[in-house]
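> The structure's right below; bear with me while I get my questions together.
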Amino acid sequence: MTVLIKGAGVAGLAAAFELSRRGITVEVMDAAETVGTGASTYAGGMLAPYCEREAAEEAVLTLGLPSPDWWAEAVPGEVSRKGTLVIAAGRDSVELDRFASRTRGYEWVGGNTIGELEPDLAGRFDRALFFPEEAHLDPRKAMAGLYETLVEKGVRFHLGSTEPPADTAFSAVVECTGAAAIGSTPGLRGVRGEMLFLETAEISLSRPVRLLHPRHPLYIVPREDHRFMVGATMIETDDDGPITARSVMEFLNAAYAVHPAFGEARLVETGVGVRPAFADNLPRVLEQEDGFSIAGMHRHGFLLAPAMAQQLADRICAGGHEQLYAQGALQ
């Protein structure tokens, strides 16, 4: 059996890994010249099912919990398991209580513990939520590593290609084209996400930090080389034009509220990605005429790609063509 995967973003690469390790021959094609373009390259890389549960269905938590282990196997050494710290400015402290009421898996911590977890935040916040079981990774490094692993496993890549290879007969085709499926997949809409990278050696963070705010919550994720990914907006549009001035100002103001050192940081990159989503914001494995598609990853690409890849592999190995939903139910 040979399967063709269209799309080399996080969903396509995860599907290729899961299928190949089950003994299925896989080929991957993408119109881009490199893997991991589109929304995947601008992802936060937070494997944070408890934090995401605050604003999502229970399925995001249950399907996302195994994700760190899956990624640790797929790209050894790339997963950082240091948890997530959720903070709020004093005037927005009530947001912490609201956040806590909508999820679980956290510990209330005071100012001293905040300083122990993140020394550069010592004395800046009186209390916070700490989610010790959560993890994160660098999406660009993870996708590059996964690509190398797949090549070593014998997966053939056809990058910069818009036509399937003519020399192979495929048992099934799997569409993992992300936002490109908007308009052709019923019910799929675009949600615009914006981000930026700041660079400064004046502050160090060990884990993702989420700053709660009634209107402009954000997260800051540490990367290598004194860089910090700051994001992200969720705007109901499929416009993928440049980041707006309003978003940049909101990000910078919020980052400054986390630590004034961000005020002197260099703004080294901005990015915009359109994330495909269904009405319930849950991804699906869908039946297609010639195979399947993985669609609607929304903001949960790295968190839920392993679960979607496993569901896909289960169906292909079983030879079935039912439609699968993130809740795990067949419909």
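The values are calculated or read from the model by the stated rules, or taken from the named source; none is laboratory data. Note that the structure is a prediction, hence the values are computed from the model and not measured. All Cβ positions, glycine included, derive from the backbone under ideal geometry; neighbour counts span all protein chains shown. Only protein heavy atoms, including side chains, enter the accessible area calculation; ligands, DNA and RNA are left aside. Shrake-Rupley method; radii C 1.70, N 1.55, O 1.52, S 1.80 Å.
> Here are some residues: 3, 28, 75. Which one is farther than 26 Å from residue 166 by Cβ and of a type outside the set (Gly, Ala, Ser)?
On the way: 3 fails: farther than 26 Å from residue 166 by Cβ; 28 fails: farther than 26 Å from residue 166 by Cβ.
One residue alone meets the criteria, 75.
> Another question, if that's okay. Which is under 30 Å from residue 115 (Cα atoms), touching a strand residue (DSSP E or B) at 6+ places or on another chain (Cβ under 9 Å) and buried (at least 19 other Cβ atoms within 10 Å of the Cβ), of 129, 150? Walk me through it before giving the result.
Values: 150 fails: under 30 Å from residue 115 (Cα atoms).
Just a single option satisfies the conditions, and that option is 129.
> Could you please give the count of residues in segment 169-181 that are buried (at least 17 other Cβ atoms within 10 Å of the Cβ) and assigned to a loop (DSSP other than H, G, I, E, B)?
Summing the residues that are buried (at least 17 other Cβ atoms within 10 Å of the Cβ) and assigned to a loop (DSSP other than H, G, I, E, B) in segment 169-181 gives 3.
> Further question: In segment 63-119, which residues are surrounded by 15 or more Cβ atoms within 10 Å (Cβ to Cβ) and aromatic (Phe, Trp, Tyr)?
Passing the criteria: 70, 71, 99, 106.
> Continuing with the same structure: For segment 183-208, how many residues are β-branched (Val, Ile, Thr) and surrounded by 20 or more Cβ atoms within 10 Å (Cβ to Cβ)? Break it down stepwise before answering.
Within segment 183-208, the subset β-branched (Val, Ile, Thr) is 185, 191, 200, 203.
From what is left, the residues that are surrounded by 20 or more Cβ atoms within 10 Å (Cβ to Cβ) are 191, 203.
Qualifying residue count for the region: 2.
> Being aromatic (Phe, Trp, Tyr) and either over 18 Å from residue 300 (Cβ atoms) or touching a Pro at 6+ places or on another chain (Cβ under 8 Å) (or both) is the filter here, so list the residues in segment 13-41 that pass it. Explain how you work it out, then say what you get.
Taking segment 13-41 first, the residues aromatic (Phe, Trp, Tyr) are 17.
Within segment 13-41, no residue meets the criteria.
> Then there is this: Based on what the data block shows, is residue 280 of a type outside the set (Val, Ile, Thr) and at pLDDT 95 or above? Break it down into steps so the answer makes sense when it comes.
Details: of a type outside the set (Val, Ile, Thr): yes; at pLDDT 95 or above: yes.
It is true that residue 280 is of a type outside the set (Val, Ile, Thr) and at pLDDT 95 or above.
> Oh, and also: Buried (at least 19 other Cβ atoms within 10 Å of the Cβ) and over 18 Å from the mean Cα position of the chain (by Cα), is that true of residue 39?
On the way: buried (at least 19 other Cβ atoms within 10 Å of the Cβ): yes; over 18 Å from the mean Cα position of the chain (by Cα): no.
So residue 39 fails the test.
> Looking at 22, 53, 81, which is the one that is among the charged types (D, E, K, R) and within 17 Å of residue 174 (Cβ to Cβ)? Don't jump to the end; show me each part of the working.
On the way: 53 fails: within 17 Å of residue 174 (Cβ to Cβ); 81 fails: within 17 Å of residue 174 (Cβ to Cβ).
Result of the check over 22, 53, 81: 22.
> Follow-up question, since we're still on this one. Which condition number in (1) out of contact with any Lys or Arg (no Cβ under 7 Å at 6 or more places or on another chain); (2) in a strand (DSSP E or B); (3) small (Gly, Ala, Ser) is the one that residue 193 fails?
Condition not satisfied by residue 193: (1).
> Return yes or no: is residue 225 surrounded by 16 or more Cβ atoms within 10 Å (Cβ to Cβ) and among the acidic types (Asp, Glu)? Explain how you work it out, then say what you get.
Values: surrounded by 16 or more Cβ atoms within 10 Å (Cβ to Cβ): no; among the acidic types (Asp, Glu): yes.
Judged against the criteria, residue 225 is not a match.
> Still on this model: Tell me, yes or no, whether segment 133-145 has at least one residue that is assigned to a helix (DSSP H, G or I) and either open to solvent by 70 Å² or more (accessible area, probe 1.4 Å) or at pLDDT below 95 (or both).
Residues of segment 133-145 that are assigned to a helix (DSSP H, G or I), as a first pass: 139-145.
Now restrict to residues that are either open to solvent by 70 Å² or more (accessible area, probe 1.4 Å) or at pLDDT below 95 (or both): 140-141.
Looking through segment 133-145, at least one residue is assigned to a helix (DSSP H, G or I) and either open to solvent by 70 Å² or more (accessible area, probe 1.4 Å) or at pLDDT below 95 (or both).
Yes or no, residue by residue, for (1) at pLDDT 95 or above; (2) part of a strand (DSSP E or B):
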residue	(1), (2)
167	no, no
201	yes, no
206	yes, no
220	yes, yes
241	yes, no
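> Scan (1) more than 30 Å from residue 185 (Cα to Cα); (2) part of a strand (DSSP E or B); (3) in contact with a Pro (Cβ under 9 Å, 6 or more places away or on another chain) for the single condition residue 272 breaks and write down its number.
(1)
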